[in-house]
Each structure stands twice: as C-alpha cells, then as structure tokens.
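The structure under discussion appears below in the form of structure tokens.
Each reported figure results from applying straightforward, stated rules to the coordinates on display, with no laboratory input. If you're wondering where the values come from, they're calculated on a predicted model, not measured in any experiment. Cβ placement follows ideal geometry from the backbone for every residue including glycine, while neighbour counts extend to all protein chains displayed.
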Amino acid sequence: MRQKLIDVAKLAGVGHATVDRVLNQRGGVKPATAKKVIEAARELGVDRKLPSIYRQGLRFEVLLGRRQIPLCARMSDAFVRAGRPFEDIVAVERTFVDDTKPEALAQAILKSRSNALIVYGQEHELVVDAIAEVTSAGKPVVTIVSDVPSAPRYGYVGIDHYKAGRCAAFFLSRMASEGTAILLCSDLSYRAHAERVSGCRDGLDQYSGGRLVTELIEASERDVLANQHLLDMLSGTNIAGIYCASANHPTLHRLLARKSIARPSVLIGHDLSGETERLLRDGTMTLVIDQNPDLQVRKALVTLALRFGLAGALPEETTVPFTIHVSDNIA
C-alpha cells in the first residue's frame, strides 16, 4: 500500500504528505489539488474507499485540539463516521491545532479556505476576534465541546456544562463524607471548565448543607506551583472527594498512582477514554460524565447543513444530553 501511495503522489505531482491529507480528509489542501490526488488514486486502483470530488464544492473544516487528547481523538473519529452521509455534496475535513495556544487557533480560523468552520478552543480574545472576522465575511462558525459566546458564532453544539457541574455536586454531596472537596481543572479560559466549576460550587452550596468545603485548583500540565499545591492537598488534607472538571488531567492520574497518596473516597471526572475506563474498573474513579461526542458531531454537521440549505437536513435541538458512567455500565 505504501508503494501505491508513493505512485499516487508521483502521478498527481504532489508530495506524500498531501496524498495523506487528501485520502484521510485532514484538510489544508486546495480543491483542485485534492481532485488530482483522488483521480490519480482511482487511476492506480488504490484499494480503499476514496473521498468524493464533492459536486457542490462545499468544504466544512473542523478545528480540533491536540491529537493526543483522548476526547479530540474520539471527536475526530466521530466526524469521519458522521460525515459519510454528506460526502457526495460536502467535504468534512479535520485539522488538529494546539488548543493551549490561542494564537495558533486564531491563525487557523483566519487561514481556513473552507466554506464553514466547526471550532473547539478557549474563549480568548484572539479566538473571539478571529471568529468575528470570518463571520463578518459570511463564513459561519459553529463552536463545539466548549462555547465561545462572546464571539458572533453561528451556534454552539454541546452539553450544558453548568448542569454537568451541578450533577457532580449532587453525587459528591451524597457520597462524600465531611471535609474538603477539590474542584480541579486545567484552564478556566475554556468556557466548559468555568461553567462546570460554577455549577459544582452552586450545587454543593445547595446539596451539601455546609459539610463540604471547596478548594479550586487550576493546574495545567506545565504549572509547577499549582501541581505542587495539588500534591500537598492530596498528601496532607482530609479530602472528602475530587471533581475533575477537565476532560483529562494527567497530573492527577500520576499522583493517584503513587502508593503514598490515599485515594479519595469519591472521584468524579469527565469523558470516557482508555484511562478513565481503567480508573473506573479499578475503583479509583466513582463515575464519569460523558458528553456524547458522536451526537455532538452529528448535530454540528446538521446545523451547518441547514445553514447551506442541503437536502435532507432537519432542524434539531443543539444541546446534547450528557450521560453518566460507572464501572458497571462500561463495555
């Protein structure tokens, strides 16, 4: 297969990376170039399903976060599956951008040659300005996973993060003993994290009857002081429970693996992944709140399909219900 793809690159007069981007629908390739690659692959009899040549010429580009984030990998796979019903009339392309660098996401938004964008990222002024610039030029932007409501985006598709935080508070208040509840997140610049933390705080005020005192820790992977504070809290404080408002928090996972750290009686997190499923199975995690990426993706594509008047698209609610998983209901 590798030799066949090299032959495709030679016949189309492009590089190997361009062939890879076209055949795997990763975006960033001019339509005319993509057409040459697809035609060369067909001529050489490449043994795989090839992208269509998109009769209407529409392109939707999806700007996801870092490829190594489990949620972004799940979202990427979901876009491949959900894009198939549209593939004869629109190209759905995926581009991974370092979501911790708002300047990189802003540039990706501004440089996109697509007809519409689906964007995941921080609510940063550079991102807000970039969305405003492209929407003023007539390009619709749908935010997904984490909203950017201060920007003139066309719509948001995702769960109600405030309610997800209240859901975590409900279980913490009923399952945790008296003490400190750590509210942990990676970056409050993400609207999703901020709303989850806000919802959990409000919920604990209502549900716990004052039994639980909250301690907010905003700790990115590179924040040495914040991560040391987290270690100190886990090592020497009566921790009644932890709510991890981030989709993935490697530092927390590493600390809990230490024998010197006592596991909290209640640990609630977000988004199913290989790591969170393992933690559910071994009893480290109590429950996981999942945001249904497949449903988010389908609703985001349908939202844009309606915007462009594509046949067969019917209006539907853009708020996605979240689901709760414990060790007994994961595959």
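Brief remarks follow.
- Residues whose amide H comes within less than 5 Å of that of Leu267, counting only those at least five positions distant or on another chain, are Ile242, Thr286, Leu287 (H built at 1.01 Å from N in the peptide plane).
- Alpha-carbon centroids, the range 192-224 and the range 233-276: separation in whole Å: 14
- Backbone phi angles across the range 277-288, fed through the Karplus curve with coefficients 6.51, -1.76 and 1.60 (θ = phi - 60°), yield HN-Hα couplings of 5, 4, 5, 5, 5, 8, x, 5, 9, 8, 7, 10 Hz in residue order; Gly and Pro are listed as x.
- Cα long-axis angle, helix 31-43 against the chain (0 to 90 degrees, to the nearest 10): 70
- Anisotropy class of the range 208-247 from Cα gyration tensor, a/c 1.5 cut: oblate
- The residues Met175, Met233, when put in order of fewest to most other Cβ atoms within 10 Å, stand as Met175, Met233.
- With a simple spin-label model that places each label point 7 Å from the Cα along the Cα-to-Cβ direction, the separation between Glu133 and Arg278 comes to 4.2 nm.
- Each part gets one Cα centre, and for the range 68-90 versus the range 102-119 those centres are 17 Å apart.
- Taken one residue at a time, the phi angles of the range 19-25 give Karplus couplings (6.51, -1.76, 1.60, θ = phi - 60°) of 4, 4, 5, 5, 5, 9, 6 Hz. Gly and Pro are set to x.
- Degrees separating the helix 293-307 axis from the principal Cα axis of the chain, which is the longest one: 50
- Which of Ser177, Ile242, Thr100, positive extreme of dipole for the chain (C-beta unit charges): Thr100
- Helix content alone sets the calculated 222 nm mean residue ellipticity of the chain: runs of n ≥ 4 DSSP H residues at -39500 (n - 2.57) each, divided across all residues, give -13500 deg cm²/dmol.
- Between Leu58 and Ala91, the built amide H atoms are under 5 Å apart, and every one of these is 5 or more places off in sequence or on another chain.
- Taking the C-alpha atoms only, the angle from helix 224-236 to the longest principal axis of the chain is near 40 degrees.
- The range 255-331, relative contact order in percent, only Cα pairs under 8 angstrom and at least six apart counted: 30
- Listed by Cβ neighbour count within 10 Å, with the fewest neighbours leading, Leu64, Leu301 appear as Leu64, Leu301.
- Listed residue (Ile261, Val320, His161) projecting farthest to the positive dipole end of the chain, Cβ model: Val320
- Each residue of the range 319-325 was assigned a 3J(HN,Hα) from its phi angle through the Karplus expression (A = 6.51, B = -1.76, C = 1.60, θ = phi - 60°), giving 7, 9, x, 8, 10, 10, 10 Hz with x at Gly and Pro.
- The protection proxy used here, the mean number of other Cβ atoms lying within 10 Å of each residue, ranks peptides 165-174, 147-156 as follows, highest first: 165-174, 147-156.
- Relative contact order of the range 161-290, taken over Cα pairs closer than 8 Å and 6 or more residues apart, is 26 percent.
- Global geometry of the range 161-290, whether rounded, prolate or oblate, following the gyration tensor of its Cα atoms and the 1.5 cut on a/c: rounded
- Normalised contact order of the chain, rounded percent, pairs of Cα under 8 Å and 6 or more residues apart: 14
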